[in-house]
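**Student:** There's a structure below that I have some questions on.
The values are calculated or read from the model by the stated rules, or taken from the named source; none is laboratory data. The structure presented is a predicted model; accordingly, all values stated were derived computationally and were not measured. Neighbour counts are summed over all protein chains in view; Cβ atoms, including those assigned to glycine, are modelled from backbone coordinates with ideal geometry. For accessibility, only protein heavy atoms count, side chains too; no ligands or nucleic acids. Shrake-Rupley method; radii C 1.70, N 1.55, O 1.52, S 1.80 Å.
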Amino acid sequence: MTTPIEPITGRKYRLLIDGRWQDASTAETFERRNPADGSLVATCPLATREDVDLAIAAARRAFDGGVWPQTGAKERSGLLRATADALRRESDYLTRLLVSEVGKTVREASVEVHMTADVFDYYAGLALDLRGDAISDYVPDTLGLVLKEPVGVVGIITPWNYPLQLAAWKIAPALAVGCTIVIKPSQFTPASTYELGRILLEAGAPPGVVNVVTGKAAVVGERIAASEAVDKVSFTGSTETGRRIMQLAASNVKKISLELGGKSPNIVFADADLDAAVPNALIGVYVNAGQICQAGSRLLLDRKIHDDFLDRFLKFTAALRVGNPADPQTQMGPLVSEGQLERVASYVAAGKEEGAKLVRGGARLGGEPYDRGHFFEPTVFDEARSGMRIAQEEIFGPVLSVITFEDADEALRIANETMYGLAAAIWSKDIDKVMRLVRGIKAGSVWVNSYHGSRIPHMPFGGYKQSGIGRELGREGLEPFLETKSVQIKFA
Ligand code: NAD
């Protein structure tokens, strides 16, 4: 396919509460505009605190009345399977929507839609295999049962960078075990979440089981996190907002899961296969225009290969096609918003000020087709040092910091030298060295001889240190939505 896809424009959405579509009580709305050209993608309700309470109450009724938790596992599995099928059936439309709403390239948007479907499929399977445990013979007159039960009403708060996929990581396991949900997407990506809500409703979610509310973070997000009628909050976003969610959730000692930021190292040793490592490092940092929590934004290079690697990397960077995300030839689209672009530009200024060497990019792109959007050049800083802000703080844009190391010990020290611990990659053919680093690195995901790895929904995802609390995906991804009940039955 070589002709540009048709962007989505002018959609209107309403809140999804208790199985019905309704306006915000004030009838106020906000707009989401296409980050590539400023065209209107969607108009969505600006929910009030009272609207959010209605959604929470609907989820409460659907849970407490047993509508969903007492539905059989086969029915719950069936809903998730039907959702996966519908996502695939509607993948062309949803791809166009993600391109228009987030600024993703056609390929990235399409991959996200299909990965979202895969996650629903995966949890449709696990819904049929939920288990507890039995302790039958520790003492002769007592049978111990360990029961797993749904935690209750789950408040879900998601970011804009992978709006469908990250919502699925939470919605699918929550529904699989019998929880009911209220979800609030980012103000930048309301449309894709409303479409997912519609698909779940059409797939058979009973009223109140899935509720979608949009509006200001300070109103809608804070109400979900603080409400005493919510049993658990599952949040993905920045570490700063995660800290705030923890405070708000303290009101009723809510269970919380947090998937937060990262500053992940991509470590390349001299014995690595550079033909594979160089292009993969490019994907590592520039996929989704660098707006990805796992971005390989710190490239740690063995001094022996530094010049050769960087030379090759810069050639690939120069060839990267940045532009209209609706054009299937484009490899990197715009940033999500003007604010995000300003944030990235401010980090470039900080990098220069701190003495890192800007060897590529560093500026906003202008002229056709860039003028109406938030486009930024793929950017590379060489001679970064570990303590610099560009090597410590999450930029969330297409900016790479290259740091040189002398040996494996130094690489490990630098890798762990941030407050984050989300992901890391190690490139080497020396299994002893690789295993030493695999063991030593404090990160929730480690890839060997690849960056970002393959898409396997069985692999748990989450962060060490300030990258989060808890894990999503895999069997582990069910646990945050479960309570454990110990039952002892004494008999004669
Ligand atoms: P953000 O923290 O600004 O917002 C995330 C969500 O929280 C949005 O829906 C937002 O409206 C809401 N929110 C903001 N303030 C709130 C408050 N006070 N109370 C309740 N809700 C509030 O993050 P973002 O800019 O949307 O996304 C980028 C961040 O997300 C990056 O830091 C990135 O690393 C992180 N992220 C993490 C993962 C992961 O799985 N670890 C995945 C993707 C993104």
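**Student:** Per residue, how much accessible area does segment 56-198 show when a 1.4 Å probe rolls over the protein heavy atoms, in square angstrom?
**Tutor:** I get 33 Å² per residue for this part.
**Student:** How large is ³J(HN,Hα), in whole Hz, for each residue of segment 381-393 in order, when computed from phi with the Karplus curve 6.51 cos²θ - 1.76 cosθ + 1.60 and θ = phi - 60°, using x for Gly and Pro?
**Tutor:** Listing the rounded values in order: 9, 9, 6, 6, 10, 4, x, 5, 4, 5, 9, 10, 9 Hz.
**Student:** Could you tell me the distance between the Cα centroids of segment 192-228 and segment 1-35, to the nearest Å?
**Tutor:** About 14 Å separates the Cα centre of segment 192-228 from the one of segment 1-35.
**Student:** Could you calculate, for the chain, the ratio of the Cα radius of gyration to the Kirkwood radius, expressed as Rg to Rh?
**Tutor:** 0.99
**Student:** Then there is this: Under 30 Å Cα to Cα from residue 485, which lysines show up? Leave out anything in the same chain fewer than 8 places away.
**Tutor:** Within reach: 74, 148, 170, 184, 232, 254, 255, 465.
**Student:** On alpha carbon coordinates alone, what is the Rg over Rh value for segment 296-379, Rh being the Kirkwood radius?
**Tutor:** A ratio of 1.00.
**Student:** In segment 313-415, carbon and sulfur make up what percent of the accessible area (probe 1.4 Å)?
**Tutor:** C and S fraction of accessible area: 47 percent.
**Student:** Starting at the first residue of segment 448-463, write each ³J(HN,Hα) from the Karplus equation 6.51 cos²θ - 1.76 cosθ + 1.60 with θ = phi - 60°, in whole Hz, x for Gly and Pro.
**Tutor:** Couplings: 10, 6, 6, 10, 6, x, 9, 8, 10, x, 6, 8, x, 10, x, x Hz.
**Student:** Using only the Cα atoms of segment 404-492, build the gyration tensor, take square roots of its eigenvalues as a ≥ b ≥ c, and label the shape rounded, prolate or oblate: rounded if a/c is under 1.5, else prolate if a/b is larger than b/c, else oblate.
**Tutor:** On the way: a/c = 2.54, a/b = 2.41, b/c = 1.05.
Cα axes put segment 404-492 in the prolate bin.
**Student:** To make sure I understand the rule: partners must be aspartates and glutamates, Cα under 19 Å from the Cα of residue 442, and not fewer than 8 residues away in the same chain. Which ones qualify?
**Tutor:** Filter leaves 259, 393, 394, 407, 409, 410, 417, 432, 472, 476.
**Student:** Based on DSSP H runs of at least 4 residues, each adding -39500 (n - 2.57), what is the mean residue ellipticity at 222 nm of the chain after dividing by all its residues, to the nearest 500 deg cm²/dmol?
**Tutor:** -11000 deg cm²/dmol
**Student:** Would you please classify the overall shape of segment 11-115 from the alpha carbon gyration tensor, given that a ≥ b ≥ c denote the square roots of the eigenvalues, rounded means a/c under 1.5, and beyond that prolate means a/b larger than b/c while oblate covers the rest? Write down the numbers at each step before the final one.
**Tutor:** Details: a/c = 3.36, a/b = 1.21, b/c = 2.79.
Oblate is the answer for segment 11-115, as a/c is 1.5 or above yet b/c matches or exceeds a/b.
**Student:** Apply 1/(1 + (r/R0)^6) to the Cβ-Cβ distance of residue 243 and residue 459, taking R0 = 30 Å, and write down the FRET efficiency to the nearest 0.05.
**Tutor:** 0.65
**Student:** Can you give me the accessible area per residue for segment 428-471, using a 1.4 Å probe, in Å²?
**Tutor:** Averaged over the residues of segment 428-471, the accessible area is 58 Å².
**Student:** Under the rule a/c < 1.5 gives rounded, and otherwise a/b versus b/c splits prolate from oblate, where does segment 129-168 land using the Cα gyration tensor? The partial results should precede the final answer.
**Tutor:** Numbers: a/c = 5.95, a/b = 3.78, b/c = 1.58.
Note, shape of segment 129-168 comes out prolate.
**Student:** How big is the convex hull of the Cα atoms of segment 95-210, per residue, in Å³?
**Tutor:** Given the Cα convex hull of segment 95-210, per-residue volume reads 121 Å³.
**Student:** Just to verify a number: what accessible area does residue 133 come out at with the full protein assembly present, 1.4 Å probe, Å² rounded to tens?
**Tutor:** Using a 1.4 Å probe on the heavy atoms, I get roughly 90 Å².
**Student:** To continue, here is another question. Excluding ligands, DNA and RNA, what is the solvent-accessible area per residue of segment 220-267 at a probe of 1.4 Å, expressed in Å²?
**Tutor:** 34
**Student:** Looking at the P(r) of segment 320-425, how many percent of alpha-carbon pairs lie beyond 24 Å? Write down the numbers at each step before the final one.
**Tutor:** Working: 1752 of 5565 pairs.
In whole percent, the share of Cα-Cα pairs in segment 320-425 beyond 24 Å is 31.
**Student:** Just order 192-204, 71-83, 173-185, 209-221 by mean Cβ neighbour count inside 10 Å, highest at the front, would you?
**Tutor:** Ranking the peptides 192-204, 71-83, 173-185, 209-221 by packing returns 173-185, 209-221, 192-204, 71-83.
**Student:** May I ask you to rank 360, 96 by accessible area, largest first, using a 1.4 Å probe over the protein chains only?
**Tutor:** Accessible-area ranking of 360, 96, largest first: 360, 96.
**Student:** Lys/Arg Cβ at +1, Asp/Glu Cβ at -1, dipole of segment 344-407 taken about the Cα centre: which of 384, 359, 370 is farthest positive-ward?
**Tutor:** 370
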